Amino acid sequence: MTRPPETEPFAHRKVKLGDVTIAVADDQPTFWDRVDAGLWEKGTLAVMRARLDSTTVFLDLGAWVGPTALYAAALGARVIAVEADPAALDQLRRNLTANPALAARIEVIPRAAHGSAGTVTLGARRKPGDSMSSTILADAPVHWRAQTVTPAGLRAMIRDSERVFVKIDIEGGEYELLPKLGPLLAVPGCAVLVSFHPKILAAMKPQRAEQAAATRAALEPFADFDSFAVTEAGAVAEVADAAAIAAFAASAAAVHARRSGAVMARARIVGAAFACLDEMLAIGPAGTFSQDVTPAIERYRSMVTAV
């Protein structure tokens, strides 16, 4: 009988990720070309560098193939990488194998971050591993089941001496998860970096009132956070007016908010000012949210009744 050929190990490639160099061994050459050229989320990397060190635990919810997990580990943080896409998990593990020193600081949780314990269905628009798998796509032709890990379950993994930085990028699943993030937000000084996906929300909830209600519920746990904008170059002052918001939209800026100096949220600004329902709560007109997110929540309550 002819034996099948042995699988060759994946070739390692050196990539410049921000100000560190890592090895990658996955199936995402185009993505890593962008990273190596310095074209991927420079503002996000700048915020991570400013906030992470050896006293931090970095919860990477939606770790994909590991760019932020590897960068956090390179900064000295302990990393808990949560990923439920089986193809992404395979590539993430290959990238960890290619970086043994960093892998020693990274624990992989092969589950879906979710507000409830149990099992959920995830799907992909094109194929598993494409970075866009989500519980929102449960009815997609390509789908699978995964066990969940809850905010309370993640809180149990945190050591008392650690500062907590949570990154959430789960392709629309944030609208379900954020209202239940309380166990993590209760940790003193907890910082959260969350990607909002208003286009996915709009597809899931076509009515603007539903979108407003879901966005308000997602942001209500952060009622005592201040807000400021972060561009590709790093942090800047709060956005002052609708024209500035539109300008940020055109430049695909990110938005962050903070409590006690900690970064809270990243919202992708999509389309014209207020065309999607994330930017209003993130920055607001005329500096509405420069001090407190609470007025934004009240504005959303009014919007729900007015739409």
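The values are calculated or read from the model by the stated rules, or taken from the named source; none is laboratory data. For clarity, every value in this text was computed on a predicted model and none was experimentally measured. Methodologically, a virtual Cβ is constructed for each residue, glycine included, from the backbone with ideal geometry; neighbour enumeration extends over all protein chains shown.
Yes/no matrix, rows are residues, columns are (1) in a helix (DSSP H, G or I); (2) modelled with pLDDT of 95 or more:
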{"residue": "Arg3", "(1), (2)": "no, no"}
{"residue": "Phe10", "(1), (2)": "no, no"}
{"residue": "Lys14", "(1), (2)": "no, yes"}
{"residue": "Asp26", "(1), (2)": "no, no"}
{"residue": "Arg34", "(1), (2)": "yes, no"}
{"residue": "Leu39", "(1), (2)": "no, no"}
{"residue": "Thr44", "(1), (2)": "yes, no"}
{"residue": "Asp60", "(1), (2)": "no, yes"}
{"residue": "Ala63", "(1), (2)": "no, yes"}
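For the range 74-88, a residue qualifies if it is assigned to a helix (DSSP H, G or I) and surrounded by fewer than 21 Cβ atoms within 10 Å (Cβ to Cβ), and the qualifying residues are Pro86, Ala87. When you go through (1) buried (at least 22 other Cβ atoms within 10 Å of the Cβ); (2) not assigned by TED's automatic domain parsing to the domain that holds Ala77; (3) not charged (D, E, K, R) one by one for Leu181, which number turns out not to apply? Against the list (1) buried (at least 22 other Cβ atoms within 10 Å of the Cβ); (2) not assigned by TED's automatic domain parsing to the domain that holds Ala77; (3) not charged (D, E, K, R), Leu181 comes up short only on (2).
Annotation: of all residues in the range 184-199 being in a helix (DSSP H, G or I) and modelled with pLDDT under 80, the one that is nearest to the chain's Cα centre (by Cα) is Pro198. Within the range 106-115, the residues that satisfy the criterion of being of a type outside the set (Val, Ile, Thr) and either under 16 Å from the mean Cα position of the chain (by Cα) or surrounded by 19 or more Cβ atoms within 10 Å (Cβ to Cβ) (or both) are Arg111, Ala112, Ala113, His114, Gly115.
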